[in-house]
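What follows is a set of notes on a single structure, which appears directly below.
The values are calculated or read from the model by the stated rules, or taken from the named source; none is laboratory data. What you see is a predicted model, and the numbers here were worked out from it, not measured in a lab. A quick note on method: Cβ atoms are made from the backbone with ideal geometry, for glycine too, and the neighbour counts reach across all protein chains shown.
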Amino acid sequence: MPRVFLGLGANLGDRLGALQQAVDLLARRGVRTVACSRVWATAPVGGPTDQPEFLNVVVEVDPGELSPVDVLDAANDVEAELGRVRDVRWGPRTIDIDILLWGDLRSDDPRLTIPHPRMHERAFVVLPLLDLDPDPRLPDGRRIVELPAPAGEARPYASPLSVPT
């Protein structure tokens, strides 16, 4: 079974609560979290800088029989249920869920790129991922720990989220 990692972030409202709700709602849709990183706090990256600080986690999930597109659809449904509005690229959001890695799978589908194209460039993804896998590799074999240091700062904020049983 491939190791599948999702990145979650929130910077509006009850950020910690939104992250936990997202994990719980994904489980109800067949995307069960098996491990969660610590919660990391980060400044916004890539978009407007005059927005609240983000809380981010990386979760390892068991997608069961779901395909990557099924998981993307589940993630989009959870984002909608939690009030995600897509009006400003990289702008403030109640929740954001991205598929980061799906084992050795590579996808350049217009709807879904795996691995996430900028994941190794962002501290808010790399540091939580390292909580779960100390030596993650991209599908092309490159080790994330051997790539240039990611942009942005991140600091531990809270313990890992509860993993639904």
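Assorted remarks:
- Selection of region 132-158 for residues being in contact with a Pro (Cβ under 8 Å, 6 or more places away or on another chain) and closer than 28 Å to residue 73 by Cβ yields 138, 139, 144.
- Within the option set 37, 67, being hydroxyl-bearing (Ser, Thr, Tyr), buried (at least 19 other Cβ atoms within 10 Å of the Cβ) and either closer than 22 Å to residue 103 by Cβ or in contact with a Leu (Cβ under 9 Å, 6 or more places away or on another chain) (or both) holds for one residue only, 37.
- For region 139-162, the candidate set comprises residues that are in contact with a helix residue (DSSP H, G or I) (Cβ under 7 Å, 6 or more places away or on another chain) and part of a loop (DSSP other than H, G, I, E, B); within that set, the residue that is modelled with the lowest pLDDT is 152.
- Residues of region 139-159 that are in contact with a strand residue (DSSP E or B) (Cβ under 8 Å, 6 or more places away or on another chain) and surrounded by fewer than 17 Cβ atoms within 10 Å (Cβ to Cβ): 139, 143, 151, 153, 155, 156, 158, 159.
- Answer residue from region 1-23, given it is in contact with a Pro (Cβ under 7 Å, 6 or more places away or on another chain) and farther than 24 Å from residue 114 by Cβ and is surrounded by the fewest Cβ atoms within 10 Å (Cβ to Cβ) among those: 12
- Taking the criterion of being touching a Ser or Thr at 6+ places or on another chain (Cβ under 6 Å) and either modelled with pLDDT under 95 or in a loop (DSSP other than H, G, I, E, B) (or both), the residues of region 55-92 that qualify are 82, 83, 84.
- Restricting region 35-49 to residues that are part of a loop (DSSP other than H, G, I, E, B) and not β-branched (Val, Ile, Thr), the residue that is nearest to residue 118 (Cα to Cα): 46
- Of the residues contained in region 39-57, none is found to be in contact (Cβ under 8 Å) with a residue 60 or more places away in the chain and of a type in the set (D, E, K, R).
- Among the candidates 42, 33, residue that is at pLDDT below 95 and under 28 Å from residue 136 (Cα atoms): 42
- Residue 52 meets all of the listed conditions (1) part of a loop (DSSP other than H, G, I, E, B); (2) surrounded by 14 or more Cβ atoms within 10 Å (Cβ to Cβ); (3) touching a Leu at 6+ places or on another chain (Cβ under 8 Å) but one, namely (2).
- From 96, 104, 133, residue being touching a helix residue (DSSP H, G or I) at 6+ places or on another chain (Cβ under 8 Å), in contact (Cβ under 8 Å) with a residue 12 or more places away in the chain, within 22 Å of residue 31 (Cβ to Cβ) and not aliphatic (A, V, I, L, M): 96
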